[in-house]
Amino acid sequence: GEGLRDVFRQITRLNPRPGANFSDLNKAESYIVPDFFITNYSGQLELTLNSRNAPDLRISGEFRDMLKDFERGDKKDRKKKEAVLFMKQKIDAAKWFIEAIKQRQHTLTSVMGMIMEYQREFFLTGDETTLRPMILKDIAERTQLDISTVSRVANSKFVQTEFGTYRLKFFFSESLSTDSGEEVSTREVKKILSDLIADESKRKPLSDERITSLLQEKGYNIARRTVAKYRDELGILPSNLRKVY
């Protein structure tokens, strides 16, 4: 009736997490749990999955023993036959689930392993300028996985290295050509751009035109509008707003 509708209306106005209004998020306590670890053993890179992504799953031995006992019993007992059928269904479901987890682990390891191989120099040095141009298609083709699968892994997973923890998406970038025709990662160009601005005079910051000239002097074929785009993507203000008087 109308009374019940009033109750529903009242409930929908309530906050299901009332305590949230009285708590502050402590950024020091919020941290990323990596999905992978990459360790450098004297130039040999080793990839491991976080144990949360590699649980040790197995079907209970007691469950299997119970099934054997039932099967050894009276085959004409209807209740025992139903119990045996029920247990077989559950064991099949468990086997399917374990296989699905193994397949997921294989997918994760394949993607991260190929990224590690592709960007080996970065994982050895931590130098962003060594990152090679790499797009989703490069990894998809090499792992024989669908691009959408690689994209989901890249956007949702993190890897811990000796240089920090990174989202896999960090390692993907388009390419830009140099005067010699060599393809370099746009991330490399962004790193150089960022370093140029970090070293600039704060009283006379570098304009986008000047940065373009400096990059071109280094051999990078880049337009001023592209420099402005990269600067925006890095969250760096235009030169007139960076000036300190």
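With just the Cα atoms of the stretch 158-199, tell me how far they stretch along each of the three principal axes, in Å, largest first.
So the three principal-axis extents are 35, 26, 14 Å.
Under 15 Å from a point 7 Å along the Cα-to-Cβ line of Glu183: which residues of the stretch 91-130 have their amide N that close?
It comes to 118-119, nothing else.
Could you tell me which residue out of Phe70, Leu136, Asn50 lies farthest along the dipole of the stretch 39-147 toward its positive end? Charges go on the beta carbon: Lys and Arg +1, Asp and Glu -1, centred on the Cα centre.
Phe70
From the residues Leu214, Leu124, Ser148, which one has its Cα farthest along the dipole of the chain in the positive direction, the dipole being from +1 and -1 charges on Cβ of Lys/Arg and Asp/Glu about the Cα centre?
The one lying farthest along the dipole's positive direction is Ser148.
Leu136: accessible area at probe 1.4 Å, nearest 10 Å²?
Probe radius 1.4 Å; accessible area of Leu136 about 60 Å².
For the stretch 142-214 and the stretch 79-99, what is the centre-to-centre distance using only Cα atoms, to the nearest Å?
Answer, in whole Å: 51.
Determine the dipole magnitude for the chain: charges of +1 sit on the beta-carbon of Lys and Arg, -1 on that of Asp and Glu, nothing else is charged, the reference point is the Cα centre, and the result goes in debye to the nearest 20. Before the final figure, lay out each step's value.
Values: 43 positive and 37 negative charges, 237 e Å.
Here the chain has a charge dipole of around 1140 debye.
Using θ = phi - 60° and the Karplus relation 6.51 cos²θ - 1.76 cosθ + 1.60, list the HN-Hα couplings for the stretch 136-148 in order, rounded to whole Hz, with x at every Gly or Pro.
3, 4, 4, 6, 4, 5, 6, 9, 6, 10, 6, 4, 5
At a Förster distance of 41 Å, what's the computed FRET efficiency of Ser42 paired with Glu99, Cβ-Cβ distance as r, to 0.05?
About 0.65, to the nearest 0.05.
If you rank Val150, Val33, Val84 by how much accessible surface each has, with a 1.4 Å probe, what is the order from largest down? Before the final figure, lay out the partial values.
Numbers: Val150 0, Val33 60, Val84 20 Å².
Largest accessible area first, the list is Val33, Val84, Val150.
Debye sum, Cα scatterers, the stretch 45-147, no solvent: what log₁₀ I/I(0) at q = 0.14, 0.15, 0.16 1/Å?
-0.71, -0.75, -0.81
Stretch Lys169-Asp199 to full length: gain in nm at 0.36 nm per residue minus the Cα-Cα span?
Working: separation 30, 0.36 × 30 = 10.80 nm, distance 2.76 nm.
Full extension of this stretch gives 8.0 nm more.
Fully extended, how many nm does the chain gain between Lys81 and Thr125 (0.36 nm per residue separation, minus their Cα-Cα distance)?
Working: separation 44, 0.36 × 44 = 15.84 nm, distance 6.31 nm.
Gain on stretching Lys81 to Thr125: 9.5 nm.
How large is the convex hull of the Cα atoms of the stretch 133-194 per residue, expressed in Å³ as a whole number?
Working: hull volume 6.7 nm³, N = 62.
It comes to 108 Å³ per residue, whole-number rounded.
What FRET efficiency comes out for Gln144 versus Leu241 if R0 is 41 angstrom and r is the Cβ-Cβ distance? Round to the nearest 0.05. Don't skip to the answer; put the middle values down first.
On the way: r = 48 Å, r/R0 = 1.16.
Taking R0 as 41 Å, the efficiency between Gln144 and Leu241 is 0.30.
Relative to the longest principal axis of the C-alpha atoms of the chain, give the angle of the C-alpha long axis of helix 2-12, reported between 0 and 90° and rounded to the nearest 10°.
Computed tilt is about 50 degrees.
Determine, for each peptide in 188-196, 224-232, the mean count of other beta carbons within 10 angstrom over its residues, then list the peptides with the highest first. Don't jump to the answer; show the numbers that get you there.
On the way: 188-196: 18.4, 224-232: 16.7.
The peptides rank, most packed first, as 188-196, 224-232.
Show that you can apply the helix-only estimate: for the chain, add -39,500 (n - 2.57) for every DSSP H stretch of four or more residues, divide by all residues, and state [θ] at 222 nm to the nearest 500. Working shown, then result.
Details: 10 runs with 125 residues, N = 245.
Rounded to the nearest 500, it is -16000 deg cm²/dmol.
Let me have the relative contact order for the chain, percent, based on Cα pairs under 8 Å that are six or more residues apart.
15 percent
May I ask you to list the trypsin sites (Lys or Arg not before Pro) in the stretch 72-139 that are in a DSSP loop and have at most 15 other Cβ atoms within 10 Å of their Cβ?
Working: sites: Arg72, Lys75, Lys76, Arg78, Lys79, Lys80, Lys81, Lys88, Lys90, Lys95, Lys102, Arg104, Arg120, Lys137; in loops: Lys75, Lys76.
Within the stretch 72-139, the qualifying trypsin sites (Lys or Arg not before Pro) (loop, at most 15 other Cβ atoms within 10 Å) are Lys75, Lys76.
Using only C-alpha positions, report the orientation-averaged shadow area of the convex hull of the chain, nm², one decimal. If you can, show how the numbers build up before the last one.
Working: hull surface 108.0 nm².
Computed as one quarter of the Cα hull surface, the answer is 27.0 nm².
What does the accessible area per residue of the chain come to in Å², with a 1.4 Å probe and no ligands, DNA or RNA counted? Write out the running numbers ahead of the final one.
On the way: 16550 Å² over 245 residues.
Spelled out: the 1.4 Å probe surface of the chain, per residue, equals 68 Å².
The values are calculated or read from the model by the stated rules, or taken from the named source; none is laboratory data. All values derive from a computational prediction rather than experimental measurement. So basically every Cβ, Gly included, is an ideal-geometry build from the backbone, and we count neighbours across all protein chains shown. Keep in mind that these areas ignore ligands, DNA and RNA; they rest on the heavy atoms of the full protein, side chains included. Shrake-Rupley method; radii C 1.70, N 1.55, O 1.52, S 1.80 Å.
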